[in-house]
Each structure stands twice: as C-alpha cells, then as structure tokens.
Amino acid sequence: MERGNETSNSYLILLGLFPEIRQLGLLISLVLLIYTVAVVGNVVLVLLIWAEPRLHVPMYILLSQLSLMDAILITTVVPKMAADFFSGRRNVSCVACGAQMFLYLTLGGSECLLLTVMSYDRYVAVCHPLRYPVLVSPRICLRMVGGSWTGGAVNALVQTAYSMHFPICRSREIHHFFCEVMAVLTLSCRDTSAYEAGVTATAVGFFLIPVVLITTSYALIFLSVLRMDSREGRRKALATCSSHLTVVALYFGSAIFIYVTPGLSQAPEQNQALSVFNTILTPALNPLIYSLRNQEVWGALKKFLGTCLISTWNPNSGCQTVLDARRLA
C-alpha cells in the first residue's frame, strides 16, 4: 500500500517495537517465542484447573481467570505486532485501533481488580480459615470474578470512546507497537491535558487503591502468620502468598510508572520498554511463578501427564485425557 493510502483519514500507522534497533528480526523472533510460552503456559494452567476436581476451589478459580486474562492480553498485542513486521505494512484502521485499545484496557483493568480479589481470598484463608467457606463461597467467588471483568470493561469502554473521539491532525504515526492510550493522544491537535489528567486519576483508582488494599491484606496476613505456633503452618501460609505477591509486584510496578507517573515515562522508548514488561513478559512469567511454587498444580500436571502416558492410544481421539484422568483419580 502506498504511503498516501496509509495516511488516509481512516488509518493510523504503528511504528512497531523499537523501530530504530538493528537486530529487530531477532527481537521479534524472541517475542514470538515468549508469546508461545505465555499462551501455552496459561492455557495449560486453565485446563489443569478445569480438569482436576481438587482444584475446583476459589483460589484456583481466581488463578484460572488470571491465566485467561494473561493469554488474551498478550494475544491482543503480539500477533498484530509480528504481522506488521513480517508484512511491512504497519497501517491499522481507526476501528481496529479502538478495538485493540478497548481489549487492552479491559484486560489490564480486570487484572488489577482480580489481583486485589485474590489478595482478599488469601487474607480470609489465612486469617479467618473457619469462616472461609462463608466469606469466599463459590457464589461469592463467581461474583468477584464477574465484577473484575465488568469493572475493567466499563472503564475501557469509557476510556476508548473518549480517546478515539479526538480529531487527529498531526502525524498519524503512533510511536508504539500497539494502540496505547497515551501514544494515540499525542496525535491529536487539540489540548488533551485535561483528559490525560483524567486518565491518570482513573489509573490511581485501578492501580494505587488496589495496591493499598493488597498491602493491607498482606500486612494482616503476616501478622497472623507470626502468631502461628506451627512452623509448618507458617511455611504453608507464606508459600501460598509468595506467588501472588511476586505477580503483584511484576504487574503493578510497570503499570504505575506508565499511567500513574506519566511524567517519568514520556520517552517513547521508555514507555515501550515498560509496556513490553507489562504486556509480554509478565503474562509469560505468571504461569511459571504459580506452577513452580505450587505443589497442587505440579501434582495435577504430573497426574495428567502420567494418565496420558499409561492410557490406551485411541487413533480417533488420541490420548484419553480428561475423562480418563478423572476415572483414575
């Protein structure tokens, strides 16, 4: 497509991931490898939790939703970025740009809320174990999951609709590898400072408030753990919380720098580096963090693989997976 067509009013141009770097092909290949690991890891974790009856508890239901969000989040960004690089066509329609922005904001906001809900789940499990079946019942768990998805979607719809309504009269080149809100706003010829302040205020609600709630939950958890007489009980309590704390630190750290402190990350390269960490690396690390530190997940995986290895091969359906695994449970 000619340059003139690419810059028509219905199209924007994504400059891609670090366009000035020399070994860009190697970098994109590495990103695709990470993408494959992230999608496979998260999908396997979701399927394991679904297939193993022992994991049908609120803690793992919430974890399955986190893995689902991560798999969709990275898929929202990486395939388009890779297709642009290999095809050489970096144009994106305004509609597609808005759709990508909406999905990214929905998943980002939902994940913030879900991580907060997960900290509450751990707080109740450690500090009020006898009341856990009441305070975090399956019905309440599903409501918390639905609230996380709904809250993220509503915020994304408002942010996307308002961001995309600004007229674009400057260069139509987005200095990013996806349609990120702040990068798109720089293309507008109007003064968007008031709206950017609104984005920052919303980010405070979705990032800083959850961080405060999560910090409070874990402060109460650690106080409760210190009062435990059993060393084994303390070890198990800390083990179940350490994975979630690691994921919280990875996710919220980069997100706060991007949206809550935009003045510190105005350089496109710095913004892209933080976004790579948040949208590509973190979704790949999350399933590894939870699986490596969780004996129940490892047990479910070994059981599933062992069942597949010893089951009779069916030429029509392959390994007799979920149903056979449940029969042998």
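Selection of first residues in the stretch 51-80 that are under 21 Å from Y35 (Cβ atoms) and of second residues that are not in a helix (DSSP H, G or I), restricted to Cβ pairs under 6 Å at least 6 apart or on distinct chains, gives the following pairs, ordered by first then second residue: V77/F178. In the stretch 65-94, the qualifying residues are those that are within 29 Å of P19 (Cβ to Cβ) and small (G, A, S), and the one that is most open to solvent (accessible area, probe 1.4 Å) is S87.
Name the residue that is nearest to R122 (Cα to Cα), counting only residues in the stretch 26-64 that are among the polar types (S, T, N, Q) and surrounded by fewer than 23 Cβ atoms within 10 Å (Cβ to Cβ). Of everything passing the filter in the stretch 26-64, S64 is nearest to R122 (Cα to Cα).
Is it fair to say F222 is in a loop (DSSP other than H, G, I, E, B) and hydrophobic (A, V, I, L, M, F, W, C)?
On the way: in a loop (DSSP other than H, G, I, E, B): no; hydrophobic (A, V, I, L, M, F, W, C): yes.
No; evaluated as a whole, the condition is false for this residue.
In the stretch 204-252, of all residues being within 14 Å of C127 (Cβ to Cβ) and among the polar types (S, T, N, Q), the one that is most open to solvent (accessible area, probe 1.4 Å) corresponds to T216. Those helices (runs of 4 or more DSSP H) of the stretch 1-101 in which at least 3 residues are more than 17 Å from V184 (Cα to Cα) and of a type in the set (F, W, Y), considering only elements entirely within it, cover 58-87.
Among the criteria (1) closer than 21 Å to F206 by Cβ; (2) touching a Phe, Trp or Tyr at 6+ places or on another chain (Cβ under 6 Å); (3) β-branched (V, I, T), the one V154 does not fulfil is (2). Quick one: G109 ticks every box in (1) out of contact with any Cys (no Cβ under 7 Å at 6 or more places or on another chain); (2) touching a residue at least 24 places away in the same chain (Cβ under 8 Å); (3) within 18 Å of H176 (Cβ to Cβ) bar one, so which box is it? Exception for G109: condition (3).
The values are calculated or read from the model by the stated rules, or taken from the named source; none is laboratory data. Remember, it's a predicted structure, so these values are computed and weren't measured experimentally. Glycine gets a Cβ as well: all are built from the backbone with ideal geometry, and neighbour counts include every protein chain shown. SASA here: full protein model, heavy atoms, side chains in, ligands and nucleic acids out. Shrake-Rupley method; radii C 1.70, N 1.55, O 1.52, S 1.80 Å.
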